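The values are calculated or read from the model by the stated rules, or taken from the named source; none is laboratory data. The structure presented is a predicted model; accordingly, all values stated were derived computationally and were not measured. Cβ placement follows ideal geometry from the backbone for every residue including glycine, while neighbour counts extend to all protein chains displayed.
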Amino acid sequence: MSDDRHTQRIAIVGAGPAGFYAADQLLKQGLEVDLYDALPTPYGLVRAGVAPDHPKIKSVTRAYAKTAAKEGFRFFGGVALGEHVTRIELLERYHGVVYAFGSATDNRLGIPGEDLEGSYAATEFVGWYNAHPDFAGHEFDLSGGRAVVVGNGNVAIDVARMLVLTPDEVGGTDTADHAIGAFGEATVEEVVLLGRRGPAQAAFTNPELRELGELTRADVIVDPADLELDPDSEAWLASEDAHTTSRKNVEMLRDYAGREPKGHSHRVILRFLRSPLEVLGDEDGRVRGLRIAINRLERREDGRLAAVPTGEEEEIECGLVLRSIGYRGKPVCTVPFDAERGLVRNDGGRVLDDEGERLPGEYTTGWIKRGPSGVIGTNKKDSADTTAKLLEDREAGRLNVPSQADPDAIESWLRDRVPALYTWRDWEAIDAHETAAGESRGRPRVKLVDREEMARVGAGASTEPAAR
């Protein structure tokens with residue numbers, strides 16, 4: 001393979017939204033792209049993170065499929081960086097590598113009792129009901145009457161909503177079969193969402209918060225006293241600095257607080273200025289409740305409003321605690337990593353070594369570049385910013401110079417390393433299988449969760465060349 005700019009090939013590690021947007025942008029500029037993912041299936045959190053009752057959001061995958069159909073694109077699934085291939089081995093074969101593998105590790109509460117049975121990360125729960133193969137074998141006891149979700153973001157709302165949907169509402173989605181059965185037998189009737197700061201600081205998007213008020217069998221309960229804003233929050237909301245989203249959130253919460261409950265069988269309660277202090281366990285080591293601190297907001301020297309305890313405490317009896325307080329990245333292989341921020345060390349998408357120097361041909365995009373913020377579409381601009389720098393380096397001759405640049409040798413190299421390698425053709429077979437199974441049951445798809453079954457359906461272990 002020559003170093004002619006129109007035949008240069010880039011590896012993108014991570015086949016979620018950020019990876020697909022970067023791939024599309026690079027393909028349009030005449031570069032070739034190999035898109036890698038540790039899972040057999042593409043689309044990242046669109047497939048394994050977006051709530052099953054949000055099919056419109058998942059329709060973005062149609063655009064990604066169009067990207068995959070373009071000349072110069074290849075998909076290699078089931079390939080884990082650091083396990084099957086190394087960073088150095090990719091640099092030996094590509095003119096550039098873009099790290100887009102996201103931030104899959106949850107933040108911990110750091111309190112006693114956090115690891116009791118019945119206390120979990122929301123990431124595990126979301127992966128479980130979304131048929132992520134790494135979480136399909138987990139079990140969640142949904143027999144308690146009350147669950148507490150710690151967090152004030154969209155994932156927290158998704159989890160709360162899934163717990164109170166009717167069996168018919170869940171059964172018509174692409175929720176994993178094992179989770180459909182568990183939700184159908186669940187006896188959780190009340191879900192409490194806890195936010196450590198006030199309603200003005202909640203990170204919900206307006207559509208997600210609005211959707212709570214449209215639940216079929218659950219009332220939304222907000223104590224009017226929780227909506228009494230401190231002077232600093234009130235002033236901030238009235239200023240030009242406040243985002244419209246925050247203002248509308250407070251308006252909706254006040255509307256919920258003023259509603260008369262309809263007497264539904266289930267309830268979602270939103271509580272603010274509350275921080276967990278301890279997960280309480282029973283004599284069998286299972287969750288029986290949560291001890292929480294009541295907070296107030298205090299302005300710090302840097303101008304931020306921080307939640308500080310008032311000294312008052314209370315307990316909430318519950319059988320399930322799900323923490324949803326953000327994601328962070330983890331170090332992968334030898335990719336330079338900023339442990340404090342939980343990100344690949346970078347300057348605007350260009351990867352930096354530990355001394356702050358740019359590494360030729362290495363880039364990053366998405367959550368592992370900027371942190372877990374924004375919606376799916378946020379990744380499009382983020383990837384555009386990164387690919388612009390890659391293209392700038394291409395023009396300046398600053399890309400990596402691979403020592404084994406033959407693209408035709410890459411697939412056979414991977415098949416020697418990866419027990420079950422999945423190409424785009426394999427994914428199309430899995431996709432067709434899932435959608436056909438769903439059609440016969442009135443569902444969008446019935447997801448496969450077992451890797452061996454995926455290999456059989458997708459012929460992922462085939463030795464026949466299948467670069468598409």
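Quick notes on this one:
- Residue list for the range 41-57, restricted to those being surrounded by fewer than 19 Cβ atoms within 10 Å (Cβ to Cβ) and either charged (D, E, K, R) or not in a helix (DSSP H, G or I) (or both): Asp53, His54, Lys56
- Residue identified as farther than 26 Å from His95 by Cα and either assigned by TED's automatic domain parsing to the domain that holds Gly96 or loosely packed, with under 15 Cβ neighbours inside 10 Å (or both) among Arg417, Arg451: Arg451
- Positions within the range 156-186 being assigned to a loop (DSSP other than H, G, I, E, B) and among the hydrophobic types (A, V, I, L, M, F, W, C), in sequence order: Leu165, Ala176, Ala186
- Residues in the range 391-408 that are in a helix (DSSP H, G or I) and at pLDDT 95 or above were compared, and the one that is surrounded by the fewest Cβ atoms within 10 Å (Cβ to Cβ) is Glu395.
- Residues of the range 187-206 satisfying the condition of being buried (at least 22 other Cβ atoms within 10 Å of the Cβ), in a loop (DSSP other than H, G, I, E, B) and among the small types (Gly, Ala, Ser): Gly195, Gly198, Ala202
- Residue list for the range 370-381, restricted to those being touching a Phe, Trp or Tyr at 6+ places or on another chain (Cβ under 8 Å) and assigned to a helix (DSSP H, G or I): Asn379, Lys380
- Test: residue in the range 428-445 that is hydrophobic (A, V, I, L, M, F, W, C), over 24 Å from the mean Cα position of the chain (by Cα) and in a loop (DSSP other than H, G, I, E, B): no
- Look at the range 230-251: where a residue is under 17 Å from Leu305 (Cα atoms) and a partner is not in a helix (DSSP H, G or I), sitting 6+ places away or on another chain with Cβ atoms under 6 Å, you get Asp230/Leu297; Asp232/Arg299; Asp232/Leu305; Ser233/Gly198; Trp236/Ala242.
- Residues being buried (at least 21 other Cβ atoms within 10 Å of the Cβ) and assigned to a strand (DSSP E or B) - total across the range 89-105: 4
- Of the residues making up the range 230-286, those that are within 19 Å of Gly195 (Cβ to Cβ), part of a loop (DSSP other than H, G, I, E, B) and of a type in the set (Asp, Glu) number 1.
- Looking across Gly342, Gly329, Gly348, Gly371, one residue alone is within 28 Å of Tyr43 (Cα to Cα), surrounded by fewer than 18 Cβ atoms within 10 Å (Cβ to Cβ) and in contact with a strand residue (DSSP E or B) (Cβ under 8 Å, 6 or more places away or on another chain). It is Gly371.
- Residue in the range 210-222 that is over 16 Å from Ala160 (Cβ atoms) and surrounded by 12 or more Cβ atoms within 10 Å (Cβ to Cβ) present: no
- For the range 76-88, the count of residues that are surrounded by fewer than 21 Cβ atoms within 10 Å (Cβ to Cβ), among the aliphatic types (A, V, I, L, M), in contact (Cβ under 8 Å) with a residue 24 or more places away in the chain and assigned to a helix (DSSP H, G or I) is nonzero.
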